[in-house]
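Down below is the structure, laid out as structure tokens.
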Amino acid sequence: MGRLADEASSTGDIAQATPTAEEEVLESVDRDPWISHCLWVLTRVTTAARSESFVESLALLGVKVSGEESASELLARISNAVSSKLPR
């Protein structure tokens, strides 16, 4: 399927192509361990944020933090934890 923005498409053509494009993306996600793991970790991080101890909950995910990190430092630590779990 070509990129919709590159084609002269009507609104109906775009609406008809969207479910197919979504299916293709979801199928590729299902086969990609990196994306699957990242989505799993992000889901767990949001659950950890609601827990009694965010720091301890993150540690269970392999994300070591003190609770004093900035948002960008926290994202870097989450990224490092994800990268360490999956083969390159």
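Laboratory data are not the source of any read-out in this text; all were calculated from the coordinates shown. On a predicted model such as this, the values are computed, not experimentally measured, just so you know. Virtual Cβ from ideal backbone geometry, glycine too; neighbours counted across all protein chains shown.
Report note on the peptides 55-63, 20-28, 79-87: ranked by the mean count of other C-beta atoms within 10 Å, highest first, their order is 55-63, 79-87, 20-28. Considering all C-alpha pairs of the range 22-68, those separated by over 13 Å amount to 61%. Between residue 79 and residue 38, the modelled labels are 1.1 nm apart [label points 7 Å from Cα along Cα→Cβ].
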